[in-house]
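The structure appears below as structure tokens.
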Amino acid sequence: MSNSFDREKIVDCMFNPVTSSILAELEDGKKQCSFLAKQTSVSESEVLERLSYLIEHGFISKASDDGKCVLMANSEKLASIIENGDNFDEAISGLEKMDSYLN
């Protein structure tokens, strides 16, 4: 896991409508990939693909529980992206993107 990552790419991932739904599910704790796929109406492989950059850089942890894929969010690390003053404009841009998807 590398400490250097593209902050804009992280923000884009976080505010993508499907990915943000997945992240919202992970706020309550770890969830199985199959559950997340069902909740977002995408395949398990698409869940992992959409989260791959976040997993690669430690924003999401991927584990196996009894042979089933389980994901857990690193809430502090995710929050730090938004709270970082340098990223405020990116966060606003991300929110605007999300708003445009919803409208």
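Summarised in one figure, the compactness ratio Rg/Rh of region 23-71, Cα atoms and Kirkwood Rh, is 0.92. Protection proxy ranking for 8-19, 28-39, using the average of other Cβ atoms within 10 Å per residue and placing the highest first: 8-19, 28-39.
Throughout, read-outs are computed from the coordinates displayed, never taken from laboratory work. A quick note: this is a predicted structure, and the numbers were derived from the prediction, not measured. With ideal geometry, Cβ positions are generated from the backbone for all residues, glycine too; neighbour counts draw on all protein chains shown.
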